[in-house]
Amino acid sequence: MRKKELLKRSSAVAKTLIIFFIFTIIAFLSIAFQPVDDPKDYIKRYETKINNFRVQQLALLQYIKKNNLQTAIDLEEIKEQIDLTRNSMKGVDFFLRYLDPLAYKKINGPLPVEWETEVFEKYEKPYKRIGAGLTLAALYLEEPVVEKDSLARLIQSAISATESYQADSTTRPLQAYTHFFLCNRLYLLNLAAIYTTGFECPHTDRVIPELRHMMAEVKDIYLAYAGSFPSTPLPNEYLELYERALLFARDQPNDNSMFDHFTFIKDYINPLFSLNQTYIRRYEVVSASFVDYSLNNEATSIFKKDLYYGQNTKGIFLRVHDDKALVEIDRIGKMLFYDPILSANNSRSCFSCHNSFEYFTDTATATAFQFNHQDFLPRNTPSLINVEYNHLVMLDGKHINLQNQVKEVVSNHMEMGSDRAALLKKILSCADYEKTFKNLLTYTPQEKEVTFDHVASAITFYYSKFSYGYAPFDEAMDQNKPMPPAVTRGFNLFMSKAQCATCHFVPQFNGVKPPFVGSEFEVLGTPADKNFTALSADVGRFGVNPAPEMLHAFRTGSIRNIAHTKPYMHNGVFTSLEEVIDFYNAGGGAGKGLKVENQTLSSDSLHLSAAEKKDLLVFIHALDEKIPFEAPPAKLPTSRTKSLNNRKVGGDY
């Protein structure tokens, strides 16, 4: 019996060992045959493309030096060489814009000088960025006098900047798969926002040919990536859709005003973006680049309001996630918004200028009353809806956050005229305010007492909730809801012939372009009156950043809901959208005969027909968002100071 038992045990052990051995072999084989990433070929492809671009630039530079630049034929030959070099640039644009955006400004800068305050630098003074490269070179050829040395310098700057892309510090990210999906995200955003608009292409007849060439080159990059990074692939679902997008672009007319921007974005680019976002989450892509600072990996569409973060609407309550606490912050913020206790005379509230029945602006007058109730403020009241999608606040970009804007308004002698310390005492004299803010101190342990930051943050949190509405145009893009033909025609005009999209970028249609890290300012030549007798005297951004390029510059606002926020421009000079469109169609102030030496808007007429203007208006109305507005509070909190208890909800003026 004992012998049989031993034999059984031996047999069981043998079976166990065999099973263990089999599983070990299977595990070994699965590891042995698992795809192994090897970026050598991919990096070599990158290096070849960069080198080809550099060689093409050097050839262009030599061509310029040998050319006399005396005749129209000379200039046309240079233009052709620039076009060839631009094609080479487009072959590697996928990498250039992401890996070193500052160097890119020297390669294909849209302006000779740009002043920037990017989101991660906005606590510092604006930075002066000098532009150079191919776009500026092509535009320079159109000047009355073209000097060889000046033209050559623009190209030499681009050649020097290209060396940055051959440095180890720039190429190191190429060794890991993560950079690819981040480069691709920016590429897709630019396909939606700038590549088809002419924003960075000096001649409209080259916009679509360059687009096709670039898309074909990116397909080559996709294939190179697939061969080198098989463990984190770009799935066939994406590649097949991209191939259809490429075929769509090839079938479109060369004229970008005839290009179907609407279908291109809706059926191809936005779905491709959604897929790429899925892969970013699936492969746990983490960015170490400031390019991605504002972008949200969780966003599922270019047209979702959480695509990027422009402002911290919670302020000091940033880390509050408790639903009950957030409800209280919203409630108390609403009370304060309508409470004239914020003003020195207890007669003026936020509602006085930002009327919630008028999309949080004032449509009754060009500019609102000053605190003295006699004079008028120098600037039109901007809507508070969607203001959080700007990195700089106010028309001149004076403030870096919403809370600072609240602080200045309440203490500005022209607006509310309050002393903030005295104002805080008035607010806390109301039992409801005092109790609520003291309870909320639990969520702001960095502050031992209630401060005005709590007050300002409650106000910004309240009004920002009205910025999360969607328009019929968004629903068409995301849910494929049908749009009237006039909407699609209007959008296609917006993106091309009307040149609106070169300043009002998809998707917020404001001055924040991909990768959404800064706010743009434009000089339009806005007149002082409708008769264009003089340029508006308001210096705009120059008052904050006294650089000559910023004289009369203003932050580009959003087109969303603009049908409800008249009057228009920083001084409210135009009372209808028709007047605004006519102004742009004429070439801004310079086009209307005003002297605006630094105007960034083209002074040439757009030559829009009456039918085209009408289609533009129809599209603009398709950006009217569905916003669940609320009624004002029925009453205001009672104060221990009896003289304060005569306050009216919303104030007196």
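Which pairs do you get when a residue that is over 16 Å from SER464 (Cβ atoms), found in segment 313-337, comes within reach of a residue that is modelled with pLDDT under 95 and open to solvent by 30 Å² or more (accessible area, probe 1.4 Å), reach meaning Cβ atoms under 9 angstrom, with the pair 6+ apart or on two chains?
If the second residue must be modelled with pLDDT under 95 and open to solvent by 30 Å² or more (accessible area, probe 1.4 Å), no pairs are left.
Take segment 429-445 and flag every residue that is open to solvent by 20 Å² or more (accessible area, probe 1.4 Å), in contact (Cβ under 8 Å) with a residue 12 or more places away in the chain and either farther than 21 Å from VAL327 by Cβ or among the basic types (Lys, Arg) (or both).
Once the filter is applied, which keeps residues that are open to solvent by 20 Å² or more (accessible area, probe 1.4 Å), in contact (Cβ under 8 Å) with a residue 12 or more places away in the chain and either farther than 21 Å from VAL327 by Cβ or among the basic types (Lys, Arg) (or both), segment 429-445 yields only LYS438.
Does segment 556-575 contain at least one residue that is farther than 22 Å from ASP362 by Cα and touching a residue at least 60 places away in the same chain (Cβ under 8 Å)?
Within segment 556-575, the first condition is being farther than 22 Å from ASP362 by Cα, and the residues that meet it are none.
No.
Among the residues of segment 446-462, which ones are open to solvent by 10 Å² or more (accessible area, probe 1.4 Å) and in a helix (DSSP H, G or I)?
First, pick out the residues of segment 446-462 that are open to solvent by 10 Å² or more (accessible area, probe 1.4 Å): 446-453, 461.
Matches in segment 446-462: PHE452, ASP453, PHE461.
Can you tell me which residue within segment 35-58, out of those that are of a type in the set (D, E, K, R) and open to solvent by less than 70 Å² (accessible area, probe 1.4 Å), is farthest from PHE95 (Cα to Cα)?
To start, the set of residues in segment 35-58 that are of a type in the set (D, E, K, R) comprises 37-38, 40-41, 44-45, 47, 49, 54.
Now narrow it down to the ones that are open to solvent by less than 70 Å² (accessible area, probe 1.4 Å): 37, 49, 54.
Working: ASP37: 20, LYS49: 10, ARG54: 14 Å.
Across segment 35-58, the extreme among qualifying residues is ASP37.
Say whether the condition of being of a type in the set (Lys, Arg) and in contact (Cβ under 8 Å) with a residue 24 or more places away in the chain is met by at least one residue in segment 216-233.
Of all residues in segment 216-233, those of a type in the set (Lys, Arg) come to 219.
Checking the rest, the ones that are also in contact (Cβ under 8 Å) with a residue 24 or more places away in the chain come to 219.
Checked against the condition, which is being of a type in the set (Lys, Arg) and in contact (Cβ under 8 Å) with a residue 24 or more places away in the chain, segment 216-233 yields at least one hit.
When you check SER347 against the structure, is it open to solvent by less than 40 Å² (accessible area, probe 1.4 Å), at pLDDT 95 or above, of a type outside the set (Val, Ile, Thr) and closer than 23 Å to ASN401 by Cα, yes or no? Reasoning before the result, please.
Values: open to solvent by less than 40 Å² (accessible area, probe 1.4 Å): yes; at pLDDT 95 or above: yes; of a type outside the set (Val, Ile, Thr): yes; closer than 23 Å to ASN401 by Cα: no.
Against the criterion (open to solvent by less than 40 Å² (accessible area, probe 1.4 Å), at pLDDT 95 or above, of a type outside the set (Val, Ile, Thr) and closer than 23 Å to ASN401 by Cα), SER347 does not qualify.
Identify the residue in segment 353-390 that is outside any loop (DSSP other than H, G, I, E, B) and within 21 Å of ARG560 (Cβ to Cβ) and, among all such residues, is most open to solvent (accessible area, probe 1.4 Å). Step through it out loud before you land on a result.
Of the residues in segment 353-390, the ones outside any loop (DSSP other than H, G, I, E, B) are 355-358, 361, 369, 376, 387-389.
Within this subset, residues satisfying the condition of being within 21 Å of ARG560 (Cβ to Cβ) are 355-358, 361, 387-389.
Details: ASN355: 31, SER356: 6, PHE357: 137, GLU358: 49, THR361: 1, VAL387: 16, GLU388: 16, TYR389: 5 Å².
Per the stated criteria, the residue is PHE357.
Please count how many residues of segment 59-85 are touching a helix residue (DSSP H, G or I) at 6+ places or on another chain (Cβ under 7 Å) and exposed (fewer than 15 other Cβ atoms within 10 Å of the Cβ).
Our first condition is that a residue be touching a helix residue (DSSP H, G or I) at 6+ places or on another chain (Cβ under 7 Å); within segment 59-85, this holds for 60-61, 63-65, 67-69, 78-79, 81-85.
Next, only the ones that are exposed (fewer than 15 other Cβ atoms within 10 Å of the Cβ) stay: 65, 68, 84.
Total meeting the criteria: 3.
Hey, any hits in segment 262-279 for a residue that's at pLDDT 95 or above, assigned to a loop (DSSP other than H, G, I, E, B), within 20 Å of the chain's Cα centre (by Cα) and not β-branched (Val, Ile, Thr)? Show your work before the answer.
Step one: of segment 262-279, the residues at pLDDT 95 or above are 262-279.
Within this subset, residues satisfying the condition of being assigned to a loop (DSSP other than H, G, I, E, B) are none.
No, segment 262-279 contains no residue that is at pLDDT 95 or above, assigned to a loop (DSSP other than H, G, I, E, B), within 20 Å of the chain's Cα centre (by Cα) and not β-branched (Val, Ile, Thr).
The values are calculated or read from the model by the stated rules, or taken from the named source; none is laboratory data. Predicted model, so just to flag it, every value in this text is computed and none were measured. FYI the Cβ positions are ideal-geometry reconstructions off the backbone, even for glycines, and counts take in every protein chain you see. What goes into the accessible areas is simple: the full protein's heavy atoms, side chains included, and nothing from ligands, DNA or RNA. Shrake-Rupley method; radii C 1.70, N 1.55, O 1.52, S 1.80 Å.
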